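Okay, structure first, notes after.
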Amino acid sequence: MPEQLNRYHNAKIIDHLASNYVIGTLSIKVRARLEKIALENKLIEARVHFWQQELAHLDNNTAELPASEISWQKISATIDESSPKVQHSNQRFYNKFTDYVVAYFGHLTSSLFNGFPRGLTNSFSVAVLALVMVLLFNPMSKTPKAESLNYVAVLTDDNAQAHLVASTYGESKRLVMNLINHPKITDDEDLEIWVVSKTDKQARSLGILPRNMSLVEQQLTEAQWRLIKDSDSLIVTIEEQGGSPIGEPSDIIVSRGLCVRLQEWRDNV
Amino acid sequence: MSLSLATDNKRSNSENDELMHLLSLCKLADKQAFHQLYQCTSARLNGIAYRITRNVDSANEVLQEAFLQIWKNCHDYQPDKSDAFIWLSAIVRYRAYDRVKYDKRRHQTEHVPLDEGNLETLSFNPTSNDEYSPKTLNKCLAKLEKKQSQTIMMAYLYGYSRDDISAHFNTPVNTIKSWIRRGLGKLQLCLSN
């Protein structure tokens, strides 16, 4: 991130980007990048505020258009779907955690791989369970014992082979990714990981996966943490080197997996 | 609590205070306050979305996406840095810009017609008696070359890309970029002074 930020210390560049951001002439990709950087670069944020505040007067004479009657219903329904549930005790959660993982992933795998031999899906469930348990009690992990795992996603490829296990730790807002295998990509390609939002179903990038690394830890920004909290699933795609040029995932999906909030396990025990 | 934003274009301090208050309640997950915020602002925000997307259905979809983003990101709102309505309208505009770009990319072979009727309204009149347009912005826009102010407003008001503007003026894109860059540079100097 510091390397990226260095490019945005020039006042002229910052003002050019901020003003073009506000009048909407940046590409989707550059817009997304600037929004990400503005979260940590107060100068960019200030210039965006300046231009927004000054040019907003151009909106004053825009004619009103009453929203369609179903708009609020849709908004309201989406909010209700994503509202958090009440917490239960940790002790009960841990007592039934294993049962729930088996049930959850057993259901998931039978849904995902309907038509596959039962033995295969059962094996997969056990493999996933093993992965999750390894992840939770991973001796390699530097996670302090007091810090709890919040979200976990097991990403599998089209052959039901686990590709990546992603987990997040809420207190330090860290994302830990265990790469189980490394799909073949060319030198001018990269693997990019995306969060698919529960709210708007849009995919937003969490970044490029480093090559040839099995354990990746990433400190999440506030914005990324919010994405995780609203996540439906994670996907990994093959993109051109440096990441998607348009800020959206390509059609070449290497693996995907539902993002499971551990709160849900608690609620079910 | 009642607001009369529906018929009043002028954002008074009290209206801003009301919206700020509603946003602060939204931060506490007060859905009733969020609904009230929607009722107070949705027609104006939908008008902005329609101005850019030029399609009623798209405008409504943009509005829905924007309000979900507002609910989710209301913690990001900083009352000391921005008026509440400006923050809300910026979210709607950016969603609408992205929507226009996204639709265009999906239908790249389709020509996106420029609305000549809309362009007529872009002749900025600095002597207008529009009491709601701040004099400073009026004066500063009037100081720009006509094409510079036009391109800036075509982008801001109607979401025209540099390619669209290039096609409209039958001028290379790089020239359009230059008009916008110089125009914004002059505008920034003028507004800052």
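The values are calculated or read from the model by the stated rules, or taken from the named source; none is laboratory data. In this text the structure is predicted, and so the values were computed from the model without any measurement. Methodologically, a virtual Cβ is constructed for each residue, glycine included, from the backbone with ideal geometry; neighbour enumeration extends over all protein chains shown.
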Filter result (touching a residue at least 12 places away in the same chain (Cβ under 8 Å) and within 13 Å of chain B (Cβ to nearest Cβ)) within the stretch A:215-228: A:THR221, A:GLU222, A:ALA223, A:TRP225, A:LEU227, A:ILE228
Inside the stretch A:1-48, can you point out the residues that are assigned to a helix (DSSP H, G or I), over 19 Å from B:ARG95 (Cβ atoms), of a type in the set (A, V, I, L, M, F, W, C) and modelled with pLDDT under 85? A:LEU5, A:ALA11
Looking at (1) buried (at least 16 other Cβ atoms within 10 Å of the Cβ); (2) modelled with pLDDT under 85; (3) under 17 Å from A:MET213 (Cα atoms), which is the one condition that is false for A:MET140? (1)
May I ask you to say which residue of A:ILE193, A:ILE235, A:ILE185 is without any contact (Cβ under 8 Å) to a residue 60 or more places away in the chain, assigned to a strand (DSSP E or B) and surrounded by 14 or more Cβ atoms within 10 Å (Cβ to Cβ)? A:ILE193
Do you know which of the residues in the stretch B:131-174 that are within 17 Å of the chain's Cα centre (by Cα) and not in a helix (DSSP H, G or I) is farthest from the other protein chains (Cβ to nearest Cβ)? B:TYR160
Out of B:LYS186, B:LYS177, report the one residue that is surrounded by fewer than 21 Cβ atoms within 10 Å (Cβ to Cβ), farther than 29 Å from B:ASN55 by Cα and not assigned by TED's automatic domain parsing to the domain that holds B:ALA90. B:LYS186
Over the stretch A:60-81, the set of residues part of a helix (DSSP H, G or I) and surrounded by fewer than 14 Cβ atoms within 10 Å (Cβ to Cβ) is A:GLU69, A:ILE70, A:GLN73, A:ALA77, A:ASP80, A:GLU81
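Counting just the residues of the stretch B:53-65 that are crowded, with 20+ Cβ neighbours inside 10 Å and more than 7 Å from every other protein chain (Cβ to nearest Cβ), which one comes out farthest from A:ASP59 (Cα to Cα)?
Quick first cut of the stretch B:53-65, residues crowded, with 20+ Cβ neighbours inside 10 Å only: B:53, B:59-60, B:62-65.
Checking which are more than 7 Å from every other protein chain (Cβ to nearest Cβ) leaves us with B:53, B:62.
Details: B:THR53: 15, B:VAL62: 17 Å.
For the stretch B:53-65, the residue satisfying everything is B:VAL62.
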If you check B:ILE70 against the conditions, is it assigned to a helix (DSSP H, G or I) and under 22 Å from A:ASP80 (Cβ atoms)? yes
Are any of the residues in the stretch A:211-225 closer than 20 Å to B:LEU68 by Cα and among the basic types (Lys, Arg)? no
Can you tell me which residue in the stretch B:19-52 is farthest from the other protein chains (Cβ to nearest Cβ), limited to those that are part of a loop (DSSP other than H, G, I, E, B) and among the aliphatic types (A, V, I, L, M)? B:LEU28
Determine which single condition A:LEU209 fails, assuming it passes every other condition in (1) farther than 26 Å from A:ILE28 by Cβ; (2) in contact with a Leu (Cβ under 8 Å, 6 or more places away or on another chain). (1)
The residue that is nearest to B:HIS21 (Cα to Cα), considering only those in the stretch B:66-82 that are at the interface with chain A (Cβ under 7 Å from one of its Cβ atoms) and touching a residue at least 12 places away in the same chain (Cβ under 8 Å), is B:TRP71
With farther than 30 Å from A:LYS74 by Cβ and either of a type in the set (Phe, Trp, Tyr) or not in a loop (DSSP other than H, G, I, E, B) (or both) as the only criterion, which of A:SER167, A:SER172, A:SER205 stands out? A:SER167
Consider the stretch B:144-173. How many of its residues are farther than 19 Å from B:ALA96 by Cβ, surrounded by fewer than 16 Cβ atoms within 10 Å (Cβ to Cβ) and touching a helix residue (DSSP H, G or I) at 6+ places or on another chain (Cβ under 9 Å)? 5
